[in-house]
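Contents: one structure, followed by commentary.
The values are calculated or read from the model by the stated rules, or taken from the named source; none is laboratory data. None of these values were measured; they are calculated from a predicted model. We place every Cβ from the backbone using ideal geometry, glycine too, and count neighbours over all the protein chains shown.
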Amino acid sequence: MQDLFILTGYTATGKTELSLEIAEQMEAEIVSCDSLLVYKNLDIGTAKPIQRDLDRIKHHCINLVNPEENFDVSSYIEAARCAIGDIHSREKNALVVGGSGFYLKSFFYSVVDDVKITAEAENFVHNSLNFNGIGALVDKLLELNNGQVDIDLKNPRRVISALKRCLSTGKTLAEMHENFAQRKCKFDGFNRRTVLLTRDGDDLKQRVQWRIESMIAGSLIDEVRSLIDRGQFNGSNKNAIGYRETIRWLQANTTIDALMREIYSNTLKFIKKQKTWFKKQIPIDGIVNLSPISPKAAKELIMDVFRS
RNA sequence: GGUGGGAUAUCCAAGUGGCUAAAGGAAGCAGACUGUAAAUCUGUCGAGGUUUCUCUUCGAGCGUUCGAAUCGCUCUCCCACCA
């Protein structure tokens, strides 16, 4: 069975730096697991590895599509599968690195099925939402499922998606759920070893602060401006932390300081969400707290988990 | 010195006699998550008590009232305007 090494951790823990070292040591190539690094031109706000790093270690799943194009987990799974196959065919190790929880989950569980949303379903939901609001969608969904629904009915996104799926397949959510449970994860054939990187609270906050300062100094604002000018944001990445605040800031009239504070607090909120996610959604083999130890020691600990 | 406005829980901010432990927002804390996931959504959010119980709150004190964050008086502080 082939190995798949996975290195994850909260934003700003220092995954990128460490991953380069580790990849070098274990003759690996890096498969990025980041929902935003897949976009070209989103460089500064995503803290994308710089060219020198990309030259040093071959990276996959970065700069796959233009920012205005759509991308989602299923596209990611395909891209990652190809990349890993390619790496292994060249007798190298694959090191998955990234902090996008949902994308990461796809390495362990089936996370999507192949239900295709029909144009009719799409239209129906679109129109119904426009004319009758979300309540009508909930009613319709309940009606199609005999009142038995196991999704969060208060979450419009879930309701919309569930209804589209029911309308497209003619099946109830329960039936689809059953079907879904049978599906195998695309990466079940690999021996997966996962390390979660963490840092102490204050240390991590300090690093977040530094990171934001360097983004601003590295002209995040120009990057955002040029993406706007070229109409390159899509519905997803325009809401990415750092980008959405800057987009708003460009229209508002506040200080750079206020912008930085906002990005800071939203980043901390995001880290909090990552913590919740990693607690239950991903099987972790080892946790390495980077705060009290040297990078060298950290590398050893990570390698220990990978080898165990 | 004069006049007017204000002081509400961690912060911002409604409330102008009982239905008020006190709207709403933010922050915080906890959580969900099967196709935008750095997204979307939920709960909690004065202090205790393991159910709708008790205690302490609306600048401070006194008072009116069956009952006050809400009315009156005095004081403290802040803001604006006039001097």
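Quick notes on this one:
- Flag for A:N127 being at pLDDT 90 or above, out of contact with any helix residue (DSSP H, G or I) (no Cβ under 8 Å at 6 or more places or on another chain), in a helix (DSSP H, G or I) and exposed (fewer than 14 other Cβ atoms within 10 Å of the Cβ): yes
- Only a single item in (1) buried (at least 17 other Cβ atoms within 10 Å of the Cβ); (2) in contact (Cβ under 8 Å) with a residue 40 or more places away in the chain; (3) of a type outside the set (V, I, T) is not met by A:W249, and it is number (2).
- Among the criteria (1) farther than 23 Å from A:S35 by Cβ; (2) surrounded by 12 or more Cβ atoms within 10 Å (Cβ to Cβ); (3) touching a residue at least 60 places away in the same chain (Cβ under 8 Å), the one A:T267 does not fulfil is (1).
- Flag if A:D222 is surrounded by fewer than 12 Cβ atoms within 10 Å (Cβ to Cβ) and either assigned to a helix (DSSP H, G or I) or within 12 Å of RNA strand B (Cβ to nearest atom) (or both): yes
- Scan region A:79-107 for residues that are out of contact with any strand residue (DSSP E or B) (no Cβ under 6 Å at 6 or more places or on another chain), under 25 Å from A:K48 (Cβ atoms) and away from RNA strand B (no atom under 11 Å from the Cβ) and the total you get is 7.
- Only helices (runs of 4 or more DSSP H) whose full extent lies in region A:19-123 are considered here, and the ones with at least 1 residues that are touching a residue at least 24 places away in the same chain (Cβ under 8 Å) and within 27 Å of A:R158 (Cβ to Cβ) are A:73-89, A:101-105.
Residues checked against (1) within 12 Å of RNA strand B (Cβ to nearest atom); (2) outside any helix (DSSP H, G or I); (3) surrounded by 15 or more Cβ atoms within 10 Å (Cβ to Cβ):
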{"position": "A:R157", "(1), (2), (3)": "yes, no, no"}
{"position": "A:K171", "(1), (2), (3)": "yes, yes, yes"}
{"position": "A:E175", "(1), (2), (3)": "yes, no, no"}
{"position": "A:F180", "(1), (2), (3)": "yes, no, no"}
{"position": "A:V195", "(1), (2), (3)": "no, yes, yes"}
{"position": "A:K205", "(1), (2), (3)": "yes, no, yes"}
{"position": "A:S214", "(1), (2), (3)": "no, no, no"}
{"position": "A:L227", "(1), (2), (3)": "no, no, yes"}
{"position": "A:I241", "(1), (2), (3)": "yes, yes, yes"}
